[in-house]
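Beneath this line is the structure, given in structure tokens, with notes to follow.
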Amino acid sequence: MRDPKRKRNAGEGAARRHGRREVSGAGRSPVRRGRARRSAAVLSLALLASCAALPDAGTGRVRDSAGAAPVSAAPASTPGTAPGTASGAARRSAPRAAGRGAPGSALGVFLDSGPDGVRGMRGMERWLGGTRLHVAHTYLPGGRWSDIEGSPKFLAPWARWRRAADGRLLVVNVPLQAHNEDGLPDARVRALLRAGAAGRFDGHFRALARHLVRLGVPDTVLVLGWEMNGTTYTHRCGPDPAAWRAYWRRVVKALRSVPGQRFRFDFAPARGRDAVPWTKCYPGDDVVDIVGMDAYDQPHGETFDRQVREPYGLRAQVRFAAAHRKPISYPEWGLFRNGDNPEFVRRMLGWMRRHKPLYQSVTDYCPHGIWRCRKNPRSSEAYRAALFALPEPAKPLKPPKPPRPPEAPPAPRPPQSAGSPKAAGAVRTRAHAGLRPEVCGGAGEFCTRLRTRTG
């Protein structure tokens, strides 16, 4: 979408200067507690309370017995507490709503491309009652090639955050063209894509890889050419999908050529068909590690069920990723055309609980945001209630290892007798070498979870 990216790349600060949004979040019980004078009355109230907490089938959302909005799980901040921060007593007494959180997914947020984006994460963690953010998300500017190379000064604050604790994930969106939001015509975009596929821009991406490796973040997730199925960016796919696919492959080859790198590459179209079906842009399993999707609440009046079922929508992404044995992600998601829509927030969080993306990152500035944007108080409360004071995972979340590059076929050898120990050993070696890509599809450490999820 043009709206959020213009603010990122042009450095406009208006949407980033919103103060913290104080959200009450104090849940009102659907069952009125009265004094129990007879055991029968106590039993009736208990039965009514159990009915009130039943989650909706398929959504995990908690409704009261009349089908009203879900109750909130987050306490209100108490007087004298810093804005967006719950007191210790309030945290301890926070009710635990059914179906909360997104276990198995690394939780993140986009606050700002610069150092303020890193500093703001701690404040959001306080607002969420101590729930930890494991994903830091930023965007390289797309104005000049020198920006796309990722200057060490720009990347250093993000690298320090990533190195400070195990289990953290740094996600960086990388434009594939300079002048990325200058509205270049299709003919010019087509020529640039073909030039990229021929290797003209390789040096810029090698420079980016060297900067990331030297800063100690060689395992960064790189979201290359995001929302390529739209019309906003110069790095769009529509003018020449074949050249776009070849260019992506060339970029990945350049990035992987730098010693020490362990990057993962996230293919992240915008939800829906847009200008071109995003499946036409998919460059191949050997150069993609994650199948992502940017999912905003649009267009106006479209329900979440429609966002799931539409061609090239959320369901299509999950099925495509399963067919290609890849984890999914949501590098961007948030409110948009339908305004303050807590139903979208609850349903999107429920979708992620069910399908367990590798990571998810909510966009937090107006009109999309749920923390600092004061225009979305109901959505803010829904988000905070679902993710308030979540426990740390038992083991730190680790990104998958990149797939091994395909090996050249072995040179023909002279035939050996079946009983030869050397021949038997060679067979075992070849079988073992082929086992990992055969079973896991290059998904590395996450192959077991993916196999469980995809059946």
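Which one of these is touching a Pro at 6+ places or on another chain (Cβ under 7 Å), surrounded by fewer than 20 Cβ atoms within 10 Å (Cβ to Cβ) and under 27 Å from GLY108 (Cα atoms): GLY216, GLY143, GLY167?
So the residue among GLY216, GLY143, GLY167 that is touching a Pro at 6+ places or on another chain (Cβ under 7 Å), surrounded by fewer than 20 Cβ atoms within 10 Å (Cβ to Cβ) and under 27 Å from GLY108 (Cα atoms) is GLY167.
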* Structure fact -> Picked from the range 321-336 (must be surrounded by fewer than 24 Cβ atoms within 10 Å (Cβ to Cβ) and among the aliphatic types (A, V, I, L, M)), the residue farthest from LEU169 (Cα to Cα) is ALA323
* Among the candidates ALA187, ALA178, ALA198, which residue alone is modelled with pLDDT of 95 or more and under 18 Å from SER146 (Cβ atoms)? -> ALA178
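Of the residues GLY313, GLY292, GLY301, only one is touching a residue at least 12 places away in the same chain (Cβ under 8 Å), on the phi > 0 side of the Ramachandran plot and not β-branched (Val, Ile, Thr); which?
Details: GLY313 fails: on the phi > 0 side of the Ramachandran plot; GLY292 fails: on the phi > 0 side of the Ramachandran plot.
That would be GLY301, the only listed residue that is touching a residue at least 12 places away in the same chain (Cβ under 8 Å), on the phi > 0 side of the Ramachandran plot and not β-branched (Val, Ile, Thr).
Residue-by-condition table, conditions (1) under 21 Å from ALA385 (Cα atoms); (2) in contact with a strand residue (DSSP E or B) (Cβ under 9 Å, 6 or more places away or on another chain); (3) among the polar types (S, T, N, Q):
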| position | (1), (2), (3) |
| --- | --- |
| ALA321 | no, yes, no |
| PRO327 | no, yes, no |
| PHE336 | yes, yes, no |
| GLY339 | yes, no, no |
| PRO342 | yes, no, no |
| MET348 | yes, yes, no |
| ARG354 | yes, no, no |
| TYR359 | yes, yes, no |
| THR363 | yes, yes, yes |
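Can you list the helices (runs of 4 or more DSSP H) lying wholly within the range 177-278 that have 2 or more residues being in contact (Cβ under 8 Å) with a residue 60 or more places away in the chain, within 24 Å of the chain's Cα centre (by Cα) and in the same structural domain as ARG163 (by TED's automatic domain parsing)?
Filter on the range 177-278 gives 202-214, 241-256.
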* Asked: Inside the range 302-320, can you point out the residues that are touching a Leu at 6+ places or on another chain (Cβ under 8 Å) and surrounded by fewer than 20 Cβ atoms within 10 Å (Cβ to Cβ)?
  -> VAL308
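Looking at the range 160-172, can you tell me whether even one residue there is in contact with a helix residue (DSSP H, G or I) (Cβ under 7 Å, 6 or more places away or on another chain) and assigned to a helix (DSSP H, G or I)?
As a first pass, look at the range 160-172 and keep what is in contact with a helix residue (DSSP H, G or I) (Cβ under 7 Å, 6 or more places away or on another chain): 161, 168, 170.
Of the ones still in play, those that are also assigned to a helix (DSSP H, G or I) are 161.
Yes, the conditions are met somewhere in the range 160-172.
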* Asked: What are the residues in the range 140-176 that are over 15 Å from HIS235 (Cβ atoms) and either of a type in the set (S, T, N, Q) or outside the structural domain of PHE201 (by TED's automatic domain parsing) (or both), if any?
  -> SER146, SER151
* To do: Determine if the range 323-343 includes at least one residue that is over 20 Å from GLN360 (Cβ atoms) and either outside the structural domain of LEU107 (by TED's automatic domain parsing) or aromatic (Phe, Trp, Tyr) (or both).
  => no
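The values are calculated or read from the model by the stated rules, or taken from the named source; none is laboratory data. Just so you know, these numbers come straight off a predicted model, no measurement behind them. Here Cβ is always computed from backbone atoms with ideal geometry, including for glycine, and neighbour counts include all displayed protein chains.
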